[in-house]
1. Looking at Ala46, Ala38, which one is touching a residue at least 24 places away in the same chain (Cβ under 8 Å) and either part of a helix (DSSP H, G or I) or open to solvent by 70 Å² or more (accessible area, probe 1.4 Å) (or both)?
2. Restricting attention to the range 2-32, and to residues there that are among the hydrophobic types (A, V, I, L, M, F, W, C) and free of Cβ contacts under 8 Å to residues at least 24 places away in the same chain, which single residue is farthest from Trp165 (Cα to Cα)?
3. With respect to Trp111, determine if the residue is over 16 Å from the mean Cα position of the chain (by Cα), open to solvent by 10 Å² or more (accessible area, probe 1.4 Å) and either modelled with pLDDT of 95 or more or under 23 Å from Ala147 (Cα atoms) (or both).
4. Looking at Thr75, is it in a helix (DSSP H, G or I), at pLDDT below 95 and open to solvent by 20 Å² or more (accessible area, probe 1.4 Å)?
5. Residues Trp176, Trp121: which one is closer than 22 Å to Ala62 by Cα and either at pLDDT 90 or above or open to solvent by 70 Å² or more (accessible area, probe 1.4 Å) (or both)?
6. Counting only residues that are out of contact with any Leu (no Cβ under 7 Å at 6 or more places or on another chain) and of a type in the set (A, V, I, L, M, F, W, C), which one in the range 1-25 is farthest from Thr71 (Cα to Cα)?
7. Condition first: under 19 Å from Ala55 (Cα atoms), of a type in the set (Gly, Ala, Ser) and either open to solvent by 40 Å² or more (accessible area, probe 1.4 Å) or out of contact with any helix residue (DSSP H, G or I) (no Cβ under 6 Å at 6 or more places or on another chain) (or both). Now tell me which residues in the range 78-94 satisfy that.
Amino acid sequence: MNFLYSLWNRPYLLTLAIGILLGLSFPPFPFPFLQIPALLLLYRLAEITPGKRQAVFYSTIAFVIWNTITTYWMTFATMAGGIAAILANSLVMTVPFLIMRHALRSSRPFWIKAAIVTAAWLSFEFLHHHWDLAWPWLTLGNGWSNAVAIIQYVSVTGILGVSAWMLLSTIFLYGWLSGPAAAARYKW
């Protein structure tokens with residue numbers, strides 16, 4: 001119990017757990033369900049980081065761990081290029097994280113926070129599919145590519161629909177898990 005309390009309230013432990021869980025939730029690892037606790041911890045990190053600099057620092061480390069575990073193979077082509085790509089993508093990921101942080105720390109009703117969190121991350125993923133520096137590997141929906149029986153609706157919604165499902169279900173789960181005091185604060 002003490003470890004869970006420490007994990008829930010210490011940004012550096014959240015950072016390590018987020019990066020490792022997200023990394024293990026993508027192929028070739030068969031654990032897509034690890035995205036659920038990883039996103040819950042990501043929301044928690046967004047809420048408890050006291051300042052923007054700390055938020056950028058902790059989230060960048062988490063995203064570097066995630067990027068390294070899932071796209072380490074890029075360093076086989078060129079070490080410098082692979083490292084640069086991993087670092088650049090991790091820094092780009094901090095932008096939707098900062099939007100999520102701003103939304104979660106605001107006094108808006110919870111359903112608006114959930115919409116902002118989901119829209120921020122989905123916008124980031126959409127951009128990553130359609131700009132010149134496309135990086136579609138780390139779309140949350142791609143983590144579920146080995147669990148085809150669970151995501152049959154992907155033929156209708158596309159991969160971003162799977163990402164939306166993950167984001168919406170985890171943000172509402174996060175709101176529910178945050179407890180009765182949080183429910184009153186979020187104005188359910």
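1. Working: Ala38 fails: touching a residue at least 24 places away in the same chain (Cβ under 8 Å).
Being touching a residue at least 24 places away in the same chain (Cβ under 8 Å) and either part of a helix (DSSP H, G or I) or open to solvent by 70 Å² or more (accessible area, probe 1.4 Å) (or both) holds for just one of Ala46, Ala38, which is Ala46.
2. Phe3
3. Details: over 16 Å from the mean Cα position of the chain (by Cα): yes; open to solvent by 10 Å² or more (accessible area, probe 1.4 Å): yes; either modelled with pLDDT of 95 or more or under 23 Å from Ala147 (Cα atoms) (or both): no.
Answer is no for this residue.
4. In short, yes.
5. One residue alone meets the criteria, Trp121.
6. Met1
7. Hit for the range 78-94 is Ala88, nothing else.
Yes/no matrix, rows are residues, columns are (1) open to solvent by 10 Å² or more (accessible area, probe 1.4 Å); (2) not in a loop (DSSP other than H, G, I, E, B):
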{"position": "Leu13", "(1), (2)": "yes, yes"}
{"position": "Leu22", "(1), (2)": "no, yes"}
{"position": "Pro27", "(1), (2)": "yes, no"}
{"position": "Tyr58", "(1), (2)": "yes, yes"}
{"position": "Ile65", "(1), (2)": "yes, yes"}
{"position": "Thr68", "(1), (2)": "yes, yes"}
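The values are calculated or read from the model by the stated rules, or taken from the named source; none is laboratory data. Treat the numbers as computed from the prediction; the structure is a model and nothing was measured. We place every Cβ from the backbone using ideal geometry, glycine too, and count neighbours over all the protein chains shown. Each accessible area value is taken on the protein alone, full model and side chains, heavy atoms only, with ligands, DNA and RNA left out. Shrake-Rupley method; radii C 1.70, N 1.55, O 1.52, S 1.80 Å.
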